[in-house]
Amino acid sequence: MNIRTQLILSYIGIVLLVLFAMGLYLRSALKGVLDKRITSELEVQAALTREFLIEQLPETEKFSYDEIDNLVDRLGETGKMRLTFIGVDGTVWGDTERDGQALIEMDDHSTRTEVQDANNFGSGMIDRKSTTTQTDYRYFALPVQRNQNIIGFCRVALPKKTINSALGNQQRMLLYASIVGSILAILFGIFSTGAIIKPIKKLTQITQSIAAGENTSKVEVKSDNELGQLLQNFNLMTDRVHEQIDKISVENQRLETILNNMNEGVLLVNGASEITYANPAAIVMLNLPQMYVGRALIEINRIPELQALLLEAEQTDTVAYAEIRLGNLMESEAEVTIVPVAAESEYVIVIHDVSHVRKLERIRADFVANVSHELKTPLTTIRGYAETLLNDSSTKSKKRKEFIVKILNHSARLSRLVSDLLELARLESGDVELKQSQCHLNSFHEPILDVFEPVLEESGLILNWDISENIPQVSVDHQLFMQVFVNLIDNAIKYTPDGGEIEVSAELGGTNSDAANEVVVHVTDSGIGIPLESQSRVFERFYRVDKGRARKMGGTGLGLAITKHILLCHDGRIWLESELGQGTVFHFALPIVGQV
Ligand code: ADP
């Protein structure tokens, strides 16, 4: 039942209740008033009748039925009451209700209470059923006296139905009033509840909109009564709610931006281990499908360590941490932290990819091992020869010389190794101060020839320097960059059999398809070539395709690493092409001056 019906029904109830109470009161009041009025009317009528009868009754006191009854009937016609004249002996001589024989047959009325009372007390009144007419009457009787003697009684009677019909009228009026009152209550209810219900309906609409997450308008406040205050407070409340929602959405946006741009993967799983949220990093790291929300983590990603860690966090309800490989051996290593969210039975999984750090650590460990090994070999040899020389004075002078040469060679290699390491460290640290100047690549030709001419002659190798004068100038640290040419040509010489050919050429090239923006230099040899699997690794420190051969050649395994770093310092790049047994081409590119 809605409020309007409830209110209208209560209005009707109130109206009916009031009318009922009023009816009860009026009924008893009216009854009293009518009673009094009828009684006094009866008294007046009886008195008048008595006077009339005293005057009209025959002197003889020998009454005849016709004469008296006529008299009584005449009197009765004037009022609406029943009139009776009863003799002292109880004979009814006249009655408005009975004539002729019926009158004569009327029984003795001296025993009637009202007649006896009139005889004894001067008047008698009673409500009773008439034995003659079988109707309810109110009787009033007075003695009729002549010469101090009672000669009879005059009695007036009013049918009770006259009284009852007056009361009935009043009840009918009340019924009409109830119907009219109820209709008025309905109309008033409809009208008055409109003022209450309209704002309540509006309020309901707005609360529904708020619940649906819509931006809502305010409720119009038209009055300052209780309802007006409620609406005002409601408006204040919606303002606060909107403020809070705005605040939360700003916070959410901020959080989302952070989560979206984090390198760490963040994942949220519920008590049933179902994913409820994953940031982009986590999606990539765990290779999650598009529809991951609501799916169990174990179903999507079968990493036993991750499941075990989640179980640990669930069972202990504390932070669980482990380093896990996300997939097979080739995939990332990650530090995974699982934090239970208090009271939510949710778990935040933070995945920090440490592959890069671990790789660096491995490289560093390898590097230390490599350096130690590289240093140890010549040192052991030097120590061995030195000890032999020291302990064995009988060694022939030719042999001694041979040993000393070996010691010198190894110490030279050691010093080369140390200086290469220092150089590499310097380049890698990034604080190399380049003394760059513009120059043509041909400016390196002379110095290169100075370095390599004896070796070239010795091995019968031919070096073709074929760089056009038209090639634009480059900006390099001449002394440092010399090492690039030295390393590449030195390698070409070392790994090309005697009688082979080495060519240094250059052309314009570039990453930009519209215009050339770099000079690309090619150092080509017709040597042994580099196997495919080693091609990507030759720029690593200490990487050598054939360790024994390279060491014999006096290589430290650092030449190409140094070369790569020098080029990086000059915003350049280096790569290679090689075919086993056919030869190798090292390409390096440098930006053209003015186009960096
Ligand atoms: P190294 O001092 O041993 O020459 P590098 O760093 O210069 O060290 O070269 C690394 C490895 O790359 C060499 O050990 C060699 O195996 C291979 N290499 C470099 N240049 C050539 C080349 N021109 N032909 C064949 N192999 C080469």
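Couple of notes before you dig in:
- In segment 412-430 there is no residue matching the filter, namely being touching a strand residue (DSSP E or B) at 6+ places or on another chain (Cβ under 6 Å) and touching a residue at least 40 places away in the same chain (Cβ under 8 Å).
- Condition check for I200: modelled with pLDDT under 80 and within 15 Å of N2 (Cα to Cα): no
- Residue match in segment 251-267 (condition: in contact (Cβ under 8 Å) with a residue 40 or more places away in the chain and either surrounded by fewer than 15 Cβ atoms within 10 Å (Cβ to Cβ) or in contact with a Cys (Cβ under 9 Å, 6 or more places away or on another chain) (or both)): yes
- Here I179 does not fit the description of being open to solvent by 10 Å² or more (accessible area, probe 1.4 Å), touching a residue at least 24 places away in the same chain (Cβ under 8 Å) and farther than 27 Å from T113 by Cβ.
- Within the span defined as segment 234-251, every residue fails to be under 19 Å from the mean Cα position of the chain (by Cα) and in a loop (DSSP other than H, G, I, E, B).
- Taken over segment 317-344, the criterion of being among the polar types (S, T, N, Q) and modelled with pLDDT under 90 is satisfied by N328, S332.
- S578 of a type outside the set (K, R) and more than 11 Å from the ligand (Cβ to nearest atom): no
- The helices (runs of 4 or more DSSP H) found wholly in segment 1-116 include none carrying at least 3 residues that are farther than 18 Å from K160 by Cα, touching a Lys or Arg at 6+ places or on another chain (Cβ under 6 Å) and not basic (K, R).
- Failed item, numbered, when Y347 is tested on (1) modelled with pLDDT of 90 or more; (2) within 29 Å of I407 (Cα to Cα); (3) open to solvent by less than 60 Å² (accessible area, probe 1.4 Å): (2)
- Restricted to segment 532-543, and to residues there that are open to solvent by 20 Å² or more (accessible area, probe 1.4 Å) and assigned to a loop (DSSP other than H, G, I, E, B), the residue that is farthest from the ligand (Cβ to nearest atom) is S536.
- Residues of segment 274-313 that are among the hydroxyl-bearing types (S, T, Y) and in contact (Cβ under 8 Å) with a residue 40 or more places away in the chain: T276 alone.
- When V221, V284 are checked against the criterion of being touching a Gly at 6+ places or on another chain (Cβ under 9 Å), at pLDDT below 90 and over 17 Å from V336 (Cα atoms), a single residue qualifies: V221.
- Residues within segment 348-371 that are assigned to a strand (DSSP E or B) and out of contact with any Asp or Glu (no Cβ under 7 Å at 6 or more places or on another chain), tallied: 3
- Single residue of segment 124-165 satisfying the filter (part of a strand (DSSP E or B) and among the basic types (K, R)) that is surrounded by the most Cβ atoms within 10 Å (Cβ to Cβ): R155
- Residue count, segment 568-596 (criterion: touching a Leu at 6+ places or on another chain (Cβ under 7 Å), open to solvent by 20 Å² or more (accessible area, probe 1.4 Å) and in contact (Cβ under 8 Å) with a residue 24 or more places away in the chain): 3
- When we screen G168, G90 for residues that are surrounded by fewer than 20 Cβ atoms within 10 Å (Cβ to Cβ) and at positive phi, the only hit is G90.
- So L309, is it assigned to a helix (DSSP H, G or I), open to solvent by less than 30 Å² (accessible area, probe 1.4 Å) and aliphatic (A, V, I, L, M): yes
- Qualifying position, being within 19 Å of L461 (Cα to Cα), crowded, with 20+ Cβ neighbours inside 10 Å and of a type in the set (D, E, K, R), among D498, D525: D525
- The set of residues in segment 552-567 being in contact (Cβ under 8 Å) with a residue 24 or more places away in the chain, open to solvent by 30 Å² or more (accessible area, probe 1.4 Å) and more than 7 Å from the ligand (Cβ to nearest atom) consists of K564, H565.
- Matching option when the condition is farther than 29 Å from K129 by Cβ and of a type outside the set (D, E), among I38, I12: I12
The values are calculated or read from the model by the stated rules, or taken from the named source; none is laboratory data. Predicted, not measured: the structure shown is a model, and the values here were computed from it. In this analysis, Cβ positions are derived from the backbone assuming ideal geometry, glycine residues included, and neighbour counts consider all displayed protein chains. Heavy atoms of the whole protein, side chains included, go into the accessibility calculation; ligands, DNA and RNA do not. Shrake-Rupley method; radii C 1.70, N 1.55, O 1.52, S 1.80 Å.
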